[in-house]
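Peer 1: Would you mind keeping the following structure in view while I ask a few things?
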Amino acid sequence: MKGPSYGMVLDTRTCVGCSACVIACKTENDVPDGVTRNWIFTEVSGTYPDLSMSIRSERCNHCENAPCVAVCPTGASYYGAGGTVQVDADKCTGCKACIAACPYGARFVDPRTDTVDKCTFCLQRLENGTPTTACQEICPTQSIYFGDLNDPESDVSRLLASRASYTLLPDAGTRPKHFFLR
């Protein structure tokens, strides 16, 4: 049996853009003011009066073919547990090559350390036995799901099997593990 492959699914029908996920992440991960590991994206399309709005909670896509990992000259960006993409701040020189390589704009420089930071899928919580991310746990509309994409019984696998979904920038070839339900 394959090991875990962690991924996230967001239900775009139920996300209301409340930003609880952003606040929970900042609190859980001690993210400084002025930067964020996740954010709310809102897009309005159509022509008045026939408008529609899409709301998405976005973050690092933890790509299977992550360009940020490929370009990192020190090995600070690497594949961690469950295929997550992580940053070892002790190895990071702050060169920003990974920031330039990320097509999703998911990385930033921590102003306290001058090293790169990003969403970790709350790997520290998994290592401590908590099977959810802070953003999933706090979401008031239960729009965020996290789990093992290799486990057909996981919530993420069942949702992806039951509903149409998409990833951001599919032509980039990164094979993201952050999915959005239609």
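Peer 1: Using a probe of 1.4 angstrom, how much of the accessible area of the stretch 90-182 is carbon and sulfur, in percent? Present the calculation step by step, with values, prior to reporting the outcome.
Peer 2: Numbers: 2390 of 4720 Å².
Result for the stretch 90-182: 51 percent of the exposed heavy-atom area is carbon or sulfur.
Peer 1: Candidates [x] -0.47, -1.27; [y] -0.47, -1.13; [z] -0.52, -1.24; which is the computed log10 I(q)/I(0) by the Debye sum over Cα atoms at q = 0.11, 0.18 Å⁻¹?
Peer 2: [x]
Peer 1: Hey, what's the chain come to in accessible area per residue, 1.4 Å probe, Å²?
Peer 2: Details: 9230 Å² over 182 residues.
On a per-residue basis, the chain sits at 51 Å².
Peer 1: Roughly how far apart, in whole Å, are the Cα centres of the stretch 27-74 and the stretch 110-162?
Peer 2: 14 Å
Peer 1: Please find the FRET efficiency linking LYS96 to TYR166, where r is the Cβ-Cβ separation and R0 is fixed at 25 Å, and quote it to the nearest 0.05. Don't jump to the answer; show the numbers that get you there.
Peer 2: On the way: r = 29 Å, r/R0 = 1.15.
E between LYS96 and TYR166, to the nearest 0.05, is 0.30.
Peer 1: Could you give the length gained by full extension between SER19 and ASP88, i.e. 0.36 nm per residue of separation minus their alpha carbon distance, to one decimal place?
Peer 2: Details: separation 69, 0.36 × 69 = 24.84 nm, distance 2.71 nm.
Between SER19 and ASP88, full extension yields an extra 22.1 nm.
Peer 1: If you count only protein heavy atoms and use a 1.4 Å probe, how large is the accessible surface of CYS122, to the nearest 10 Å²?
Peer 2: Using a 1.4 Å probe on the heavy atoms, I get roughly 10 Å².
Peer 1: Relative to the Cα centre, what is the charge dipole magnitude of the stretch 1-146, using +1 at the beta carbon of each Lys and Arg, -1 at the beta carbon of each Asp and Glu, and rounding to the nearest 20 debye? List each step's numbers first, then the result.
Peer 2: On the way: 12 positive and 15 negative charges, 36 e Å.
Computed charge dipole of the stretch 1-146: roughly 180 debye.
Peer 1: Would you compute, for the Cα atoms of the stretch 68-146, the largest minus smallest coordinate along each principal axis and list the three values in descending order, in whole Å?
Peer 2: 38, 25, 23
Peer 1: Given a 1.4 Å probe and heavy atoms of the protein chains only, how would you sort TYR6, TYR48, TYR78, largest accessible area at the top? Don't jump to the answer; show the numbers that get you there.
Peer 2: Details: TYR6 45, TYR48 190, TYR78 90 Å².
The ordering from most to least exposed comes out as TYR48, TYR78, TYR6.
Peer 1: Which residue fluctuates most in the GNM of the chain (Cα springs below 10 Å): ASP117, ASP148, ASP90?
Peer 2: Result: ASP90 has the largest fluctuation of those listed.
Peer 1: Give the list, by residue number, of cysteines in the chain with no other Cys Cβ closer than 4.7 Å, or say none.
Peer 2: Lone cysteines by the Cβ rule: CYS15, CYS18, CYS25, CYS63, CYS72, CYS92, CYS95, CYS102, CYS122, CYS139.
Peer 1: Given the -39500 (n - 2.57) contribution per DSSP H run of 4+ residues, what per-residue ellipticity at 222 nm results for the chain, rounded to the nearest 500 deg cm²/dmol? Intermediate values should be presented prior to the final figure.
Peer 2: Values: 6 runs with 38 residues, N = 182.
So the calculated ellipticity at 222 nm is -5000 deg cm²/dmol.
The values are calculated or read from the model by the stated rules, or taken from the named source; none is laboratory data. Since we're looking at a predicted model, the values are computed, not measured. Note: ideal-geometry Cβ built from the backbone for every residue, glycine included; neighbour counts use all protein chains shown. We work out accessible area using only protein heavy atoms, side chains counted, and drop any ligands, DNA or RNA first. Shrake-Rupley method; radii C 1.70, N 1.55, O 1.52, S 1.80 Å.
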